[in-house]
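These notes are about the structure you will find just below.
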Amino acid sequence: MTDKTLEERFEAFNKRPSPHFFTRNKTNTIMAKVLLALCLPAAAGVYYFGLRVILMILVGAASSVFFEWLYVYIKRDTLRINDLSAVVTGVLIGLSLPVTAPLFTIVIGSAIAILLVKMPFGGIGKNPFNPAVAARVSLKLFFSPWITNWVLPLTPSQDVVTTATPLESIGHFASSVPAGTSGLWELFIGHNLGGPVGETCKLALLLAMLYLIFQKIINPWIPLLYMATLMVTVAFFSEKGFDLQFMLTHLLSGSAIFVAVFMATDYSSGALTPNGQKVFGIGCGLLTGLIRMLLNLPGGAGIAVLVMNASVPLLDKWFAPRIYGHKKSVSHELT
């Protein structure tokens, strides 16, 4: 074989820069599947709270897209709205609020998510914090009178009825499930249960989780470890020790499952390595439980995710794999 033949064979290769392995799951495809999964809790929200849920979702999606377009227009950057990430953020914000939340709070939440959390860091894939979670926590901090006015699902014979959430009934440093708290089945299906419209039916959320896992969109370890760790954490504060009812009531109350499925699994603000993602899920569940039990704050899931978002650089550094040919991992090589 001559050198000329070898040269001709080398030139015949299709030489491209890495990555050399490709997947059909591009950004817009992934986001489209997430939106499809969000249709399940959205449909449950419409069933329990009425058609205003659709309006909340549309306002959230439209305002998020508008603010991303506005930022790109002002900065004269490349427009990437077709990746659908802004739409997903807006839908998550809309589903994170009760049906009585004024529409302007959704718009403000979208502005916080896009203009303060996502785009200043470079847009999708570069934001260190989850935009929807940051917006949710900010709204709860500054607009609590409007967005924490929980109401019961509507029936043809009743108007809006203000109610306390089950999470409040098992809060205030409670170590057991008080009498009058909604039963596990009611919590699971969302019957006669107040709260954010997208978090009411846990059955819909778990079905959405199974769909995303089946489609290989999310790492199943993150939501599963999140939920398991939350249950184990609250069990330490139970007066009966391993009180399954107390543990499940905490799991099925509030936004834990919603956050575990749709927010803790965010690619941009989560850990990159497999072990780092597992620790991320465990950390979110642990912090959620500790915030609920030690600080007497209902919820705590959003704050837990933001804290773990901030720890992602450390997780990625600590769990960085060993490069082939090196004796130590990347984390040790960088120290």
| query | Out of LEU205, LEU210, which single residue is of a type in the set (A, V, I, L, M), at pLDDT 95 or above and open to solvent by 20 Å² or more (accessible area, probe 1.4 Å)? | reply | LEU210
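Quick check on region 195-211: of everything there that is in a helix (DSSP H, G or I) and over 13 Å from the mean Cα position of the chain (by Cα), which residue is farthest from ILE54 (Cα to Cα)?
Taking region 195-211 as the starting set, the residues that turn out to be in a helix (DSSP H, G or I) are 202-211.
If we keep only those that are over 13 Å from the mean Cα position of the chain (by Cα) as well, we get 202-204, 206-207, 210-211.
Details: LYS202: 19, LEU203: 20, ALA204: 16, LEU206: 21, LEU207: 20, LEU210: 24, TYR211: 22 Å.
In this case the residue turns out to be LEU210.
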| Residue that is surrounded by the most Cβ atoms within 10 Å (Cβ to Cβ), among those in region 272-319 that are touching a helix residue (DSSP H, G or I) at 6+ places or on another chain (Cβ under 6 Å) and outside any helix (DSSP H, G or I) | GLY300
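Conditions (1) modelled with pLDDT under 70; (2) more than 30 Å from THR27 (Cβ to Cβ), marked per residue:
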site: ALA135; (1), (2): no, no
site: LEU152; (1), (2): yes, yes
site: ALA164; (1), (2): yes, yes
site: GLU168; (1), (2): yes, yes
site: PHE173; (1), (2): yes, yes
site: VAL177; (1), (2): no, yes
site: LEU184; (1), (2): no, yes
| said: Return the residues of region 231-271 that are in contact (Cβ under 8 Å) with a residue 24 or more places away in the chain, among the small types (Gly, Ala, Ser) and open to solvent by 20 Å² or more (accessible area, probe 1.4 Å); say none if nothing qualifies. | reply: GLY254, SER268
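The values are calculated or read from the model by the stated rules, or taken from the named source; none is laboratory data. Predicted, not measured: the structure shown is a model, and the values here were computed from it. In this analysis, Cβ positions are derived from the backbone assuming ideal geometry, glycine residues included, and neighbour counts consider all displayed protein chains. Only protein heavy atoms, including side chains, enter the accessible area calculation; ligands, DNA and RNA are left aside. Shrake-Rupley method; radii C 1.70, N 1.55, O 1.52, S 1.80 Å.
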